[in-house]
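A quick write-up on the structure given underneath.
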Amino acid sequence: MNIFKWMCTIFLGLFVLIVIVQNYSSFSQTVTFKINLLFFKWESPPVSLYLVSCITFCFGVVLTGFYSIFERFRLRREIKRLKKELSQKEKELVSLRNLPVSEEEPGSNKDTEVSEEPISTG
């Protein structure tokens, strides 16, 4: 499985490299970003598409990292809860194993059975 992950990573890297080489002239073009609000106007300096692509990629990596951190904390809480539940179930199992064995059938109670012997009144 580890070799499969490495192979996928290498193929993805090669694909990205091919796309960059074939589209070099397109990525070299510069763009400017403009924001025109009623109370605020801003225009960025000319930026190449390479830089925009790299910034977008890094933003996605950081965003995914934050998501995975929160997911890790959630899973850690879940593991603690399940371990606690497991220890409670194991204690219950040990206590049930240590119950004395009786020869009576389950559900029958000798105190509630009616005897068929006549009762003598003195």
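Each value in this text was obtained by applying a stated rule to the coordinates, not by laboratory testing. Worth saying up front: this structure is predicted, and the values here are computed from it rather than measured. Reconstructed Cβ throughout: ideal geometry from the backbone, glycine too, with neighbour counts over all protein chains shown.
Determine whether the stretch 43-59 contains at least one residue that is hydrophobic (A, V, I, L, M, F, W, C), exposed (fewer than 10 other Cβ atoms within 10 Å of the Cβ) and free of Cβ contacts under 8 Å to residues at least 24 places away in the same chain.
no
Does the stretch 22-34 contain any residue that is among the charged types (D, E, K, R) and out of contact with any Ser or Thr (no Cβ under 8 Å at 6 or more places or on another chain)?
no
Give the stretch 38-68 a look and list any residue that's small (Gly, Ala, Ser) and part of a loop (DSSP other than H, G, I, E, B), or say none.
Hit for the stretch 38-68 is 44, nothing else.
Taking the stretch 39-56 only, how many residues are within 17 Å of residue 28 (Cα to Cα) and of a type in the set (Phe, Trp, Tyr)?
1
Going residue by residue through the stretch 1-8, is there one that turns out to be part of a helix (DSSP H, G or I), loosely packed, with under 10 Cβ neighbours inside 10 Å and β-branched (Val, Ile, Thr)?
Yes; the residues of the stretch 1-8 include at least one that is part of a helix (DSSP H, G or I), loosely packed, with under 10 Cβ neighbours inside 10 Å and β-branched (Val, Ile, Thr).
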